[in-house]
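Structure first, commentary second.
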Amino acid sequence: MLERAARLLASSRSAIAFTGAGISAESGVPTFRDRDGLWKNYKAEELATSEAFRKNPKLVWDFYRWRMRLILKARPNPAHYALAELERLGLLKAVITQNVDDLHREAGSRNVIELHGNIFRVRCTSCSYRENLKESDTLEEFLSMEGLPKCPECGSLLRPDVVWFGEPLPREALERAFELAERADLVLVIGTSGVVYPAAYIPYIVKENGGKVVEINVERSGITPIADVFIRGKAGEVLPRIVELVKEVVV
Ligand code: APR
Ligand code: ZN
């Protein structure tokens, strides 16, 4: 199976990757629907909806500050680095991710499309103010602050710049992702349960346009039924081996 995946990758002209929380599991970032996943221990509808935020912004900010601190301690794992290397080899056009942990960019991937936002970015609930706390180097100060963060421009409440259930995805990111999927001849689907839409359409769009679907997951997912190749295994172990096999073929 690994050889088949490597051959498909080596002969692809417009491969993309579509990733979910599973690619960051080996970095110590909890997934959502695994045994010890976030939604197994917390109520998503109380923490990741605009309704929850309206009702109890302190609870939601406590949850996101906890996740920011946890993700800040995480480092990219060999799976993230493997995708960055495929991009450097010219074999991967983009990484389309559902993750908000910024680990693809940290691993060196350049063309990353964040469908569900970025946990280190905040935005105002009223005006167009938006800030990436990592880039502005104000993350430590932000995390040490008690109380509810307010917009420096208009004084309204700030919120995490992530997509909550029932909210629209960032239009520009979604359009770019759909365009890439329509033109892709291969999609590497890594570490996603494939149950959250519209993100989960990405592999189906590739398939409908004649592209191949190669899935890496520790168990079957909602995408497995359309996978041309399904590799059961940990992304951090499988992906680097596929890249090694590809390098034997292309260089
Ligand atoms: N390697 C590969 N796959 C893994 C690994 C691993 N080491 N560990 C877990 N997985 C797989 C699980 O088997 C599961 O299929 O990763 C997947 C994680 O699924 P979810 O927890 O549902 O995460 P995801 O698919 O990214 O969720 C999509 O749902 O909660 C929302 O917005 C949130 O972006 C998230 C979206
Ligand atoms: Zn504002």
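The values are calculated or read from the model by the stated rules, or taken from the named source; none is laboratory data. In this text the structure is predicted, and so the values were computed from the model without any measurement. Quick reminder, even Gly has a Cβ in these numbers, built from the backbone with ideal geometry, and neighbours come from all protein chains shown. For accessibility, only protein heavy atoms count, side chains too; no ligands or nucleic acids. Shrake-Rupley method; radii C 1.70, N 1.55, O 1.52, S 1.80 Å.
If you place +1 on the Cβ of every Lys and Arg and -1 on the Cβ of every Asp and Glu, how big does the dipole about the Cα centre of the chain come out, in debye to the nearest 20?
On the way: 35 positive and 35 negative charges, 52 e Å.
For the chain, the charge dipole is close to 240 debye.
State the extension gain, in nm to one decimal, for the chain segment bounded by E146 and R183, taking 0.36 nm per residue of separation less the distance between their alpha-carbons.
Extra length available between E146 and R183 comes to 8.6 nm.
If you line up the long axis of helix 78-88 against the longest principal axis of the chain, both from Cα atoms, how many degrees apart are they, to the nearest 10?
Between the helix axis and the principal axis of the chain, the angle is about 70 degrees.
If each of V249 and R130 carries a label point 7 Å out from its Cα toward its Cβ, how far apart are those two points in nm?
3.8 nm
Per residue, how much accessible surface does segment 102-149 expose to a 1.4 Å probe? Answer in Å², no decimals. Don't jump to the answer; show the numbers that get you there.
On the way: 2450 Å² over 48 residues.
Accessible area per residue, segment 102-149: 51 Å².
Hey, if you drop one equal point scatterer on each alpha-carbon of the chain and run the Debye formula without solvent, what base-10 log of I(q)/I(0) do you get at q = 0.12 Å⁻¹?
Here the Debye-derived log intensity ratios amount to -0.69.
What accessible area, in Å² to the nearest ten, does a 1.4 Å probe give for Y129?
Number for this one is 40 Å².
Packing-wise, with mean Cβ within 10 Å as the measure, how do 22-28, 159-165 rank, highest first? Numbers along the way, then the final one.
Values: 22-28: 22.7, 159-165: 19.6.
Ranked by mean Cβ neighbours within 10 Å, highest first: 22-28, 159-165.
Going Cα to Cα from K55, which aspartates and glutamates come in below 16 Å? Please leave out same-chain ones fewer than 8 positions away.
List returned: E45, E46.
Quote the relative contact order of segment 111-216 in percent (integer), defining contacts as alpha-carbon pairs under 8 Å separated by 6+ residues. Display every interim value, and only then the final one.
On the way: 133 pairs, mean separation 27.0, N = 106.
Averaging sequence separation for qualifying contacts and normalising by length gives 25 percent for segment 111-216.
Looking at segment 114-181, which GluC sites (Glu not before Pro) are DSSP coil and have at most 13 other C-beta atoms within 10 Å of their C-beta?
Numbers: sites: E114, E131, E135, E140, E141, E146, E153, E172, E175, E179; in loops: E135, E146, E153.
Loop-located and lightly packed - E135, E146, E153.
Please give every one of the lysines within straight-line cross-link reach of K247, meaning a C-alpha to C-alpha distance under 27 Å, and leave out same-chain neighbours fewer than 8 residues apart.
Straight-line reach from K247, under 27 Å: K93, K207, K212, K234.
Within the chain, what percent of beta bridges assigned by DSSP are antiparallel, to the nearest 5?
Working: 8 of 29 bridges.
Counting DSSP beta bridges with both partners in the chain, the antiparallel share is about 30 percent.
Taking only C-alpha pairs under 8 Å that are 6+ residues apart, what is the relative contact order of the chain in percent? Before the final figure, lay out the partial values.
On the way: 457 pairs, mean separation 64.6, N = 251.
With pairs under 8 Å counted, the relative contact order is 26 percent.
Accessible area per residue for segment 18-60 in Å², computed with a 1.4 Å probe and the full protein assembly in place, what is it? Display every interim value, and only then the final one.
Numbers: 2310 Å² over 43 residues.
For segment 18-60, the per-residue accessible area is 54 Å².
How high is the relative contact order of segment 57-149, in percent, counting Cα pairs under 8 Å that sit 6 or more residues apart?
Numbers: 98 pairs, mean separation 22.2, N = 93.
Taking the mean separation of contacting Cα pairs over the length of segment 57-149, I get 24 percent.
Would you mind calculating the gained length between Y42 and E172 on full extension (0.36 nm times residue separation, minus the Cα-Cα distance), in nm to one decimal? Walk me through the numbers before you get to the answer.
Details: separation 130, 0.36 × 130 = 46.80 nm, distance 3.07 nm.
Fully extending the segment from Y42 to E172 adds 43.7 nm.
Given a 1.4 angstrom probe, I'd like the percentage of the accessible area of the chain that is carbon and sulfur, rounded to a whole number.
Working: 5910 of 11950 Å².
Whole-percent figure for carbon plus sulfur exposure: 49.
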